[in-house]
Every structure is written in structure tokens, then in C-alpha cells.
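S.K.: I have a structure here, written as C-alpha cells, and I will follow up with some questions on it.
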Amino acid sequence: MRALFMGGTGNISAECAQEALAQGVDLYVLSRGSHRAPDGATAIVADVSDGSAVAAAVGGGRFDVVVDFLCYEPGAARRAVATFSGLTGQYVFISSASAYEKPPRRHVIDENTPLCNPYWQYARDKIACEAVFMEAWRKSGFPVTIVRPSHTYGRTWIPTAFVSSDFSVAARMLAGREVIVPGDGQSLWTLTHARDFAVGLTGLLGRSEAVGEAFTIAGDEALTWDEIHRAVGRALDIAPESGPLLVHVPSEFIARVDPPMGERLLGDKAWSAVFDCSKLKRLVPAFRTTIPLARGLAESVAWRRAESARMSVDGIMDGRMDRILAAWKKAMGQPV
């Protein structure tokens, strides 16, 4: 199989690239070149936002599969249709489970759940991208498969409610500082390790049954936000009797103090989310959770601690958390 990954060095895509290579896929990775392509893959350097540059870099070559990890707005989706029509047997668009309706009518979500997110522009843009691709499928047979991941993390991420891609929340825990948990901390949230996600994704590649269809790829392990943050504390070797200092703050209040963060919470993490992935498992029975959160966190913490630079704190994010906490304490009549 000859496959092109648009992106292949990120949190999710790097693990998918490694899984594809392990399965013998002849893999090409298109990126801006700021990160090295995985060993065994052929690197193609182009700015994905420049349709003509992508077309020139691909050079009219045909691929059995194209997987697009980098499409975030409908204009990019239209460029993709124009560039790859007739050049691939399957175009896999990585959408987002945040596209499912918020607030959800049922906490168990599957592909029949409506797509509607009045809170988060990112999710609305993903919905609009899906509409572009599905219209191209209906009108001209553009061979799209839509994949919707939820909160997926790899060894470089420590998943928390506020930020997962850096060490900011973990650093607060280690310093004995307060950590914000949205709501009462009891809503259910699903985390998926990128290596498990990669099994689900690669199992869809080259499958004619997947064309014109959408699939959710999410793990089986659903934990409360309190449980998730306590698991992070254990991975950091914080004594159980002290544990991380969790402060519960309503997402609606966070949205008033910090609208961008509130948008992300109300548009995604504020609501319980448990996924029924039986549609995927019928096609890819090998997909399941093999890396539970405790194991995944141990790997992530070890990777961060391996180099001091990886434990740096985003001062802007840290300050945002402090401002929200101060506003909440003031509102509750507590000393700041």
C-alpha cells in the first residue's frame, strides 16, 4: 500500500506513522520540514496551507490512501478535494469527537449522535470540513473516510482538563499548587493512547467499506476528571495522602473569566463523554484499549523527566490558571 500522511510527526500522527510502517506501508509524510519524518518514511516538504505547493510536491503521483491530520477549516477541505480528486483511492480526514452535539443528550456517543457545537469554533470548523468532504463524496465520489478521535495522548503529553501538551499542570502539582478541575470533577471522560488509536486508524486504510463513512476512534477506559488528575499525581510520585490540590470551578464561571478556555471546556471537556466504537470494531476487531491511563502516564512522565527542558512551564497558561483561581475565590468570599 502506498500512503501519504499530511502530517506525521505530531502527538497522534507520529504513532500512526510508526504503526503504518510496521505493517509494511510504503509511507510518504508531507510536512513543513520542521520535524524529521519517521525512519523508513519518505519526507515531502511543503506548506499544507498552500494548495499549489502541495500539488507540486506530490507531483501528480497516485496514492492508495491519503490521511489528512492537518485540515482544520473548510477552505482547506475544498483545496484537498481539488488536489487529490483522482489521485487516491481513499482520503481519510481526521475530524474530532468534539463535533458531536454539546451538551449531549446521551453520555454514550456513537456515529449516529448529531453534529452540533454552539460553544467551540474549532469543532464547528471540523463539522464544516466534514460537510465539504461528504458533499464531494455524494456529488463526485470523492473517496472520503471521516475519523473522529477524542482526547488522544502520546508519550509527549500528560492529559489534564486544562492543557495536555506541556508540563504546566504537572509542575503545579509537584509544587503543591492548586489545579483547576472543571465542574464537580465527577463527569466521565475518555482518554485514548495514540498507539491504540493508531491500530484503529491503520485498520481502516485501504478498506473500501470505510469509504463514505464516519468512525469514532476512542478508548474503552472512562474515568472522572478527579480520577484522571489523581492518576497524574500518582504518576508524578506525589504521596497519596497529600495528592494534587484540586479546586472545582464551574466551566460557565471559567468562561466568564477566560472566554477562550471556557469555549474549549463547554465545547468539549465539561460534558461526560463515553464512546460506543462498535462500528469501528466490526471492521477492525484488533482495536481495543491496551494502554490504560496509569501505564500511559508513567511513560509520559518518564519522557518529560528525561530532559529538564521538557519540564518547562508555559508562563502564560500558568498565569491564566492563577487568574481563574483568584476570581473564583473572590466570588466565593475566600481569601486570595
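S.K.: Compute the relative contact order of the range 189-336 as a whole-number percentage, counting only Cα pairs closer than 8 Å that sit 6 or more residues apart in sequence.
M.R.: Normalised by residue count, the contact order of the range 189-336 is 33 percent.
S.K.: Right, next: Convert each backbone phi in the range 25-40 into a coupling constant with the Karplus relation 6.51 cos²θ - 1.76 cosθ + 1.60 (shift: θ = phi - 60°), then list the ³J(HN,Hα) values in order as whole Hz, x for Gly and Pro.
M.R.: Coupling constants for the range 25-40: 5, 7, 9, 10, 10, 9, 7, 6, x, 6, 10, 5, 5, x, 4, x Hz.
S.K.: Here's a follow-up. What is the magnitude of the charge dipole of the chain about its Cα centre, with +1 placed on the Cβ of each Lys and Arg, -1 on the Cβ of each Asp and Glu, and no other charges, expressed in debye to the nearest 20?
M.R.: Approximately 180 debye in magnitude.
S.K.: Can you compute log10 of I(q)/I(0) for the range 1-78 with the Debye formula, treating each Cα as one identical point scatterer, at q = 0.13, 0.15, 0.22, 0.27 Å⁻¹?
M.R.: For the range 1-78, the Cα-only Debye profile gives -0.35, -0.46, -1.01, -1.44.
S.K.: How charged is the neighbourhood of Glu111? Take every other residue with its Cβ under 12 Å from the Cβ of Glu111, and add Lys/Arg as +1 and Asp/Glu as -1.
M.R.: Combined, the nearby Lys, Arg, Asp and Glu give -1.
S.K.: Shifting gears a bit: Go ahead and estimate [θ] at 222 nm for the chain from helices alone: -39,500 (n - 2.57) per DSSP H run with n ≥ 4, summed, over the residue count, rounded to 500.
M.R.: Helices in the chain give a 222 nm mean residue ellipticity of -11500 deg cm²/dmol.
S.K.: Would you mind giving the average projected area, over all directions, of the Cα convex hull of the chain in nm² with one decimal?
M.R.: One quarter of the hull surface, i.e. the mean projection, equals 16.8 nm².
S.K.: Right, something else. Please list, short to long, the whole-number percent of alpha-carbon pairs of the range 127-182 in consecutive 10 angstrom bins beginning at zero.
M.R.: Once binned at 10 Å, the Cα pair distances of the range 127-182 give 20, 29, 18, 19, 11, 3.
S.K.: Round to the nearest 0.05 the FRET efficiency obtained for Ala53 and Ile316 when R0 = 51 Å and r is the Cβ-Cβ distance.
M.R.: 0.95
S.K.: Hey, how many Å between the Cα centroid of the range 73-113 and the Cα centroid of the range 193-237?
M.R.: Each part reduced to its Cα centre gives a spacing of 17 Å.
S.K.: For the charge dipole of the range 54-199, defined by +1 on Lys and Arg C-beta atoms and -1 on Asp and Glu C-beta atoms about the Cα centroid, which residue among Phe93, Val54, Val132 has the Cα displaced farthest towards the positive pole?
M.R.: Checked the options; the winner is Val54.
S.K.: Give the cross-link partners of Lys102 among the aspartates and glutamates, using a straight C-alpha distance below 14 Å as the criterion and excluding same-chain residues fewer than 8 apart.
M.R.: Asp110, Glu252, Glu263, Asp268
S.K.: Report the full-extension gain for the segment Leu188 to Arg62: residue separation times 0.36 nm, less the Cα-Cα distance, to one decimal in nm.
M.R.: This chain segment gains 41.1 nm when fully extended.
S.K.: While we're looking at this one, here's another question. To the nearest 10 degrees, how steeply does helix 13-22 sit against the main Cα axis of the chain, on a 0 to 90 scale?
M.R.: Helix 13-22 sits roughly 50 degrees off the main axis of the chain.
S.K.: What are the principal axis extents of the Cα atoms in the range 61-139, in Å, biggest first?
M.R.: 44, 23, 22
S.K.: Now a separate question. Of Val25, Ala222, Leu70, whose Cα points farthest to the positive end of the dipole of the chain (charges on the beta-carbon: +1 Lys, Arg; -1 Asp, Glu; origin at the Cα centre)?
M.R.: Leu70
Rule-based calculations on the coordinates, nothing more; no lab input. The model shown is predicted, which means the values in this text are computed figures rather than measured ones. When we count neighbours, we look across all protein chains shown, and the Cβ atoms used for this are built from the backbone with ideal geometry, even at glycine.
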